[in-house]
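Below you'll find the structure, written out as structure tokens, and then a few comments.
The values are calculated or read from the model by the stated rules, or taken from the named source; none is laboratory data. All of these numbers come straight from a predicted model, not from anything done at the bench. Neighbour counts are summed over all protein chains in view; Cβ atoms, including those assigned to glycine, are modelled from backbone coordinates with ideal geometry. Ligands, DNA and RNA are stripped out before the accessible areas are found, and what is left, the full protein with its side chains, is counted by its heavy atoms. Shrake-Rupley method; radii C 1.70, N 1.55, O 1.52, S 1.80 Å.
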Amino acid sequence: MRQSLLVLSLAALLAACSGQDASEPQPTGGTPAGAPATTSEHVDTAADAAFAALANQALDTWMRLSPVGATATGDHRFDGQIDDLSAAGRQQSLDATRDLLARLEAIDVAQLSRENQVDAAILRNHLQSAVWSAEEMQDWAWDPQLYSGLAGSAIYSLMAREFAPLPERIKSATERMQKLPQLFAQARENLDPARVPKIHAETVAKQNRGILAIVATFITPHLDELPKADAERTRAAIETLKQAVAEQQTWLDDTLVPNAAGDFRIGAEKYDRKLGFALSSSLSRAQIRQRAESEMQRVRGQMYDIARGVLKHRPDAPALPDQPDDAQQQAAIEAALELAYAERPARDQVVDDAKTALAQATDFVRRHDLVTLPDSAVDVILMPEFQRGVAVAYCDSPGPLDKNLKTFYAISPIPDDWTQAQVDSFLREYNSRMIELLSIHEGIPGHYLEGWHSAKFPSVLRGVLRSGLFAEGWAVYTERMMQQQGYLDGDPLFHLVQLKFYLRTIANAILDQGVHVDNWTREQAMHLMTHDAFQQESEAAGKWVRAQLSSAQLPTYFVGAQEHFDLRAAMEKKLGERFDLKAYHDQVLSYGAPPVRYVRELMLDEPIH
């Protein structure tokens, strides 16, 4: 997954983690070399100027009202401040959002350049989502993850990357540590235990102390490098933070967790609105469900065919009939997957194996000239403690305004308190071939590479409001593309595991609406994941937690992938023998990661809707 930091901007969560780097931008509205030319159009420069002014005002307002988001974006004017989530602060954000939306509606979008039409559509969706979120979803009143994520990001976004000298960053972190007790107090004031789901309260109670691990990792070891007065000030701020974290932990353990009584299911009406804002897709909930269920059956059939091939000469193979029933299909696929599970990393070697896999995938892409490779750094790291508990891995790229900084491919370690049975279940799921796929998805040619390419587009607005649907869909698309190009020498077990990983994407889309709309039980969810999608118990159990903690994010993988698959098919049909895979990939990635529907409209010269 592509990591989005939980920062509040204008009464909305600002997805601030987007992949920018030092590459020179292409001219606005330009067409990559070799791409089909777009038709000429009349552009009202006054309308474009008005929109540019509005976009700049929106960005400046967001940065001022969300200092933590500003830091992650690369705007460091407010590095010593934190967001105000009090009632007055939230109202200020909502008023500013409504004002921006009114100004946007006054612009004749039809007179804008095509690229600005895309940005206007993205901005409108974001602003409308922000108003709806503030008034209807009201995350600030029931989701403690908002506050824990913001608190952790307030320090982590300052210290993880070297955008400024260390003493300067520690000074800003010191100022934020002094202000974090205020944020914790706002959490206690805003959150209504009767509305907080138990799973949210329990998760945040486990994460809360993680912010101290950030301080211990990034700040404490360097205190002796500071001038004496600065070091003393920072030590005092750390003690203040420790007391505040302890107070917050007591409140979480003694008040929030015992009294949390909210429903984690958001229901059909809110789900459909949130899904529409999250996806910016023409596919409805019903259409997503129908397509996902159809894909589930198709992919399981393909996996059975592969299983027959790898098992046919094995004396212990199960029955392999031409027309299997469900039980026979299940048994054959599981038996073939067991061959892949037998090759897995040691408990303490997952990160090292991921580094090796990333290097191997990079070399494959280079040798086969599949897409232009990044020239910026990526580090494979252990996931920071305050971000654990939702996903096994993520890609964390620098913000749109930060240049020449690293991307992090983060992997959650196996918890120390897990039993051997839990560890075995995890390593069966994240076997050696799955680690290869994870490094493709999170690294190259997935999120890391996509973020580097998308960073070249000059619109900061598009960078800040980058599409998770585009990013996740691209990462899933690359898994299939690499297998089709012969990665790991056409290994059938790699193909089998790749399809299993794709089944997870499909199951995500079904699971999300099953949980939040259809009131699925844990048993129903686990059957989908462990039986239909062949996930291990530990992986499925973690996804059940994630499905309760989030909504309308899990479908982005499947819907984004479908739109990427459809776009490539449309371009292959249009260009015929002139279709070139590398040129296609570079062009798709050149637009700054808007929702895929807009990439399609730009590439196929269709009207922007």
*Can you pull out the residues in the range 563-583 that are open to solvent by 10 Å² or more (accessible area, probe 1.4 Å) and within 20 Å of HIS447 (Cβ to Cβ)?*
GLU563, PHE565, ARG568, LEU581, LYS582
*in contact with a helix residue (DSSP H, G or I) (Cβ under 9 Å, 6 or more places away or on another chain) and under 20 Å from GLU442 (Cβ atoms): does that describe GLN524?*
no
*Given the residues ALA46, ALA72, which is the only one that is modelled with pLDDT under 95 and touching a Ser or Thr at 6+ places or on another chain (Cβ under 6 Å)?*
ALA72
*Are any of the residues in the range 372-393 of a type in the set (Ser, Thr, Tyr) and over 29 Å from VAL423 (Cα atoms)?*
yes
*What pairs come up if the first residue lies in the range 535-555 and is of a type outside the set (Val, Ile, Thr), the second is open to solvent by 10 Å² or more (accessible area, probe 1.4 Å) and part of a loop (DSSP other than H, G, I, E, B), and their beta carbons are under 6 Å apart, counting only those six or more places apart or on different chains?*
ARG546/VAL390; GLN548/PHE264; SER551/ILE266
_Members of the range 404-422 that are aromatic (Phe, Trp, Tyr) and either assigned to a loop (DSSP other than H, G, I, E, B) or open to solvent by 80 Å² or more (accessible area, probe 1.4 Å) (or both)_ = TRP418
*So which residues in the range 265-290 are of a type in the set (A, V, I, L, M, F, W, C), open to solvent by 40 Å² or more (accessible area, probe 1.4 Å) and either within 23 Å of the chain's Cα centre (by Cα) or within 19 Å of ARG546 (Cβ to Cβ) (or both)?*
ALA278, LEU283
*With ILE238, ILE288, ILE266 as the choices, which residue is touching a residue at least 60 places away in the same chain (Cβ under 8 Å) and within 30 Å of LEU166 (Cβ to Cβ)?*
ILE238
*asked:* I'm told ALA185 meets every condition in (1) under 19 Å from SER86 (Cβ atoms); (2) open to solvent by 60 Å² or more (accessible area, probe 1.4 Å); (3) more than 28 Å from the chain's Cα centre (by Cα) except one. Can you identify the failing condition by its number?
replied: (2)
*asked:* Where the second residue is in a helix (DSSP H, G or I) and of a type in the set (Gly, Ala, Ser) and the first is in contact (Cβ under 8 Å) with a residue 60 or more places away in the chain and under 24 Å from GLY80 (Cβ atoms) and lies in the range 126-154, which pairs have Cβ atoms under 7 Å and are six or more apart or on separate chains?
replied: TYR147/ALA187; GLY152/GLY210; SER153/ALA72
*So is PHE494 in a helix (DSSP H, G or I), among the aromatic types (Phe, Trp, Tyr) and in contact (Cβ under 8 Å) with a residue 12 or more places away in the chain or not?*
yes
*Flag if GLU539 is under 20 Å from TRP474 (Cβ atoms) and either open to solvent by less than 30 Å² (accessible area, probe 1.4 Å) or not hydroxyl-bearing (Ser, Thr, Tyr) (or both)*: no
*If you scan the range 155-169, which residues turn out to be at pLDDT below 95 and open to solvent by 70 Å² or more (accessible area, probe 1.4 Å)?*
GLU162
*Go through the range 505-530 and count every residue that is open to solvent by less than 30 Å² (accessible area, probe 1.4 Å) and aromatic (Phe, Trp, Tyr).*
0
*asked:* Checking the condition at pLDDT below 95 and either open to solvent by 20 Å² or more (accessible area, probe 1.4 Å) or under 30 Å from THR255 (Cα atoms) (or both), which residue from SER66, SER40, SER129 passes?
replied: SER40
*asked:* On the basis of being acidic (Asp, Glu) and under 28 Å from VAL245 (Cβ atoms), does ASP369 make the cut?
replied: no
_Of all residues being in contact with an Asp or Glu (Cβ under 8 Å, 6 or more places away or on another chain) and over 20 Å from THR372 (Cα atoms) in the range 431-460, which is surrounded by the most Cβ atoms within 10 Å (Cβ to Cβ)? Just the residue, please._
ILE435
*What are the residues in the range 74-118 that are in a loop (DSSP other than H, G, I, E, B) and open to solvent by 40 Å² or more (accessible area, probe 1.4 Å), if any?*
HIS76, ARG77, GLN81, ASP84, ALA106, ASP108
*Out of the residues in the range 306-326 that are over 18 Å from LEU503 (Cα atoms) and within 36 Å of the chain's Cα centre (by Cα), which is surrounded by the fewest Cβ atoms within 10 Å (Cβ to Cβ)?*
GLY309
_Members of the range 346-363 that are modelled with pLDDT of 95 or more and open to solvent by less than 10 Å² (accessible area, probe 1.4 Å)_ = ALA357, ALA361
*Filter result (open to solvent by less than 20 Å² (accessible area, probe 1.4 Å) and touching a Ser or Thr at 6+ places or on another chain (Cβ under 8 Å)) within the range 388-401*: ALA391, ALA393, CYS395, ASP396, SER397, PRO398, GLY399, PRO400
_Checklist (1) modelled with pLDDT of 95 or more; (2) touching a Leu at 6+ places or on another chain (Cβ under 9 Å); (3) in a helix (DSSP H, G or I) applied to THR372, failing item_ = (3)
